[in-house]
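The values are calculated or read from the model by the stated rules, or taken from the named source; none is laboratory data. Owing to the predicted nature of the structure, the values given are computational and were not obtained by experimental measurement. Cβ placement follows ideal geometry from the backbone for every residue including glycine, while neighbour counts extend to all protein chains displayed.
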Amino acid sequence: MFNKIAGRYDFLNRFLSAGIDVRWRKKALRLLEPLRPKQILDVATGTADVALMAAKQLQPDKIIGIDIAERMLDIGRKKISTRGWEHVISLQSGDSETINFPDHSFDAVTVAFGVRNFENLEKGLTEIYRVLKPGGRLVVLEFSKPFIPGFKQLYNAYMSIVAPQLVSVFASDKKAYQYLNQSIQAFPEGKKFVEVLEKAGFNNSSHKPLTLGICSIYWGDK
């Protein structure tokens, strides 16, 4: 599905979120600034938006992005080459549940809008914990459901009816964005996801809602 929509993925993200998703990513990465990570793993990197932003904002020595969607990775590689970050960022095919790196390999791990797609959430988080160095931090950015009455109903209508119709104007796969809403509804957000982080071994885990609860930042330390 993600291979199929890869060519329009970046445009539709900006369009459907009115560009707010860029600010969300910057806020999430600020949680890593005190650690000054040198080696970063970006899981479910997609077209490398977070990897590129992290390279500029955090200035690490190396960022490796992994994803199972090869066409998304191809687009990410072109963006990296165009912006001259090949010396810092590399992308490769990889599954969150079988991360092909040794224990204690990374100072930080990021996942932006990807954990809800993990087939086995706990297994994916346990793998991330494994490859983090002691003292390292995981930062997750993920969609969530608004909690304010009135706005919540408007949001649900937008995601279930309006967004798929808008997508159909620009892309052929409306089902992909219907899936987006379905996966958001099914995701164990807020305190429930913090509990999953803690079960996977993370300490000092917490979360912060953004933009009236449309999105949330989660983090946990090893």
Report summary line: Of the residues in segment 197-209 that are out of contact with any strand residue (DSSP E or B) (no Cβ under 6 Å at 6 or more places or on another chain) and surrounded by fewer than 18 Cβ atoms within 10 Å (Cβ to Cβ), the one that is farthest from Val50 (Cα to Cα) is Lys199
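Restricting to segment 100-114, name every residue that is among the hydrophobic types (A, V, I, L, M, F, W, C), within 16 Å of the chain's Cα centre (by Cα) and not in a strand (DSSP E or B).
The one that is among the hydrophobic types (A, V, I, L, M, F, W, C), within 16 Å of the chain's Cα centre (by Cα) and not in a strand (DSSP E or B): Phe113.
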Query raised in the report: Do we have Ser144 as at pLDDT 85 or above, of a type in the set (S, T, N, Q) and farther than 15 Å from Met1 by Cβ here?
Result: yes
Requested in this report: Give the residue that is farthest from Ser183 (Cα to Cα), with candidates limited to residues of segment 129-161 that are among the hydroxyl-bearing types (Ser, Thr, Tyr) and in contact (Cβ under 8 Å) with a residue 40 or more places away in the chain.
Outcome: Tyr129
